[in-house]
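The values are calculated or read from the model by the stated rules, or taken from the named source; none is laboratory data. Predicted model, so just to flag it, every value in this text is computed and none were measured. In this analysis, Cβ positions are derived from the backbone assuming ideal geometry, glycine residues included, and neighbour counts consider all displayed protein chains.
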Amino acid sequence: MLPIRGVYEVAIRVKDLAKAEPFYREVLDLEVGIRDEKRNWLFLRAGGDAGMVVLQEDKSEWPVQHFAFTVDEVDINRAAAMLRERGVEVQGPVFHQWMPATSLYFEDPDGNALEFCAPAKREG
């Protein structure tokens with residue numbers, strides 16, 4: 001098996017980059033990496049150097065997608081409160097025994113299903 005340790009970059013389609021950008025920058029606190037004006041894409045850093053989210057404007061029809069961001073278990077309740085304070089409807093926290101992890105679920109302005117997932121610390 002390849003030693004994959006995570007996902008570094010995820011592309012998210014959005015209908016209107018100007019509408020999506022404030023959500024990802026101000027609500028989720030992602031930092032601008034680089035703006036590609038030619039393709040109308042915005043590369044954002046997620047968690048410093050933990051990875052990138054690329055917002056790709058695409059005005060055509062496409063199905064909504066699901067993306068999960070990893071957060072620390074100790075931060076899950078604070079993350080829920082911060083999202084709610086910023087006007088985001090949040091479901092959770094929900095504990096998933098099979099993972100084990102605790103998750104929050106919410107949507108971006110285009111209806112993409114987003115998740116903050118906090119893997120439980122394994123003992124041993």
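Of all the residues that make up the stretch 68-124, how many are assigned to a loop (DSSP other than H, G, I, E, B) and of a type outside the set (D, E, K, R)? Here the count works out to 13.
If you filter the stretch 102-124 down to residues that are among the charged types (D, E, K, R) and modelled with pLDDT of 95 or more, you find that the one that is farthest from residue 67 (Cα to Cα) is 110.
Restricting to the stretch 75-94, name every residue that is over 18 Å from residue 22 (Cα atoms), free of Cβ contacts under 8 Å to residues at least 12 places away in the same chain and of a type outside the set (Gly, Ala, Ser). Hits for the stretch 75-94 are 78, 94.
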